[in-house]
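The structure appears below as structure tokens.
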Amino acid sequence: MVTVNQVKVSYGNQVALSINNPISFKAGDRIGIIGSNGAGKSTFVKTILGLTNYQGNITTELQPEEMAVHMQYNNYANTMAVKHIIEAVLYTRIKKNKLLKDLIPSLILKSV
């Protein structure tokens, strides 16, 4: 459904994103992009959505309006538990998803 291959985004002489190996997403995939500030997460999403100039190849059958993105600056009420946000975004229940239960301890989250 979406394939990213040999993609590079630069701002002047600064390389903001460099993907050398193909990355493919299939219909129904839910993708999490985790990295430190300045690692290129937002640039990657904006590039797939066609919002940045890039070199390389992005192949998709989707229009940008058919893609859903949850960015780090989305806000939730302080009373919204992290557990509920994760379950809503991933459309699953943590207690029923072994992979997610195994992953959560490495995310350094409180009260999940």
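The values are calculated or read from the model by the stated rules, or taken from the named source; none is laboratory data. Keep in mind the model is a prediction, meaning the values are calculated, not measured. Note that we place each Cβ from the backbone using ideal geometry, even for glycine, and neighbour counts take in every protein chain shown.
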Quiz item: What do you reckon, is SER24 out of contact with any Gly (no Cβ under 7 Å at 6 or more places or on another chain), at pLDDT 90 or above and at negative phi?
Solution: yes
Quiz item: Which residues, counting only those in segment 61-84, are surrounded by 11 or more Cβ atoms within 10 Å (Cβ to Cβ), farther than 20 Å from VAL45 by Cα and modelled with pLDDT of 70 or more?
Solution: MET80, ALA81, VAL82, LYS83, HIS84
Practice problem: State all residues of segment 4-40 that are closer than 19 Å to ASN53 by Cβ and among the polar types (S, T, N, Q); if no residue qualifies, say none. | Solution: ASN5, GLN6, SER10, ASN13, GLN14, SER18, ASN20
Practice problem: Quickly run through segment 34-49 and pick out the residues that are within 25 Å of GLU66 (Cα to Cα) and surrounded by 13 or more Cβ atoms within 10 Å (Cβ to Cβ). | Solution: GLY40, LYS41, SER42, THR43, PHE44, VAL45, LYS46, THR47, ILE48, LEU49
Exercise. Give segment 1-54 a look and list any residue that's in a strand (DSSP E or B) and either of a type in the set (D, E, K, R) or touching a residue at least 60 places away in the same chain (Cβ under 8 Å) (or both), or say none.
Key: VAL2, LYS8
